[in-house]
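What follows is a set of notes on a single structure, which appears directly below.
The values are calculated or read from the model by the stated rules, or taken from the named source; none is laboratory data. In this text the structure is predicted, and so the values were computed from the model without any measurement. A quick note on method: Cβ atoms are made from the backbone with ideal geometry, for glycine too, and the neighbour counts reach across all protein chains shown.
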């Protein structure tokens, strides 16, 4: 029974972090969430423009939905996500230090 426990512990031990995967992961998450925020803010702004145009009896100017709402919202969200994803570097360094401590205590 003790042998099976050792095998299970060895399989569930966390992988060593890879430094070269961090920039790719940061850029991918930033791109994905920026694209998602652009799509959601564009949808909301188009619906809002259509409702306002319907009540005012005018034709909606959809350029405002892209340029005035969705693009700035996506840019701000992208900057925030990039900053928060870059904190992954701190997590990498912390995990590396804890792995070194765990190796030293064996």
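Some values worked out for this structure:
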read-out: Some residue of segment 62-81 being at pLDDT 90 or above and at positive phi; value: no
read-out: Residue ID - farthest from the chain's Cα centre (by Cα), chosen from residues in segment 42-87 that are crowded, with 16+ Cβ neighbours inside 10 Å and under 30 Å from residue 21 (Cβ atoms); value: 73
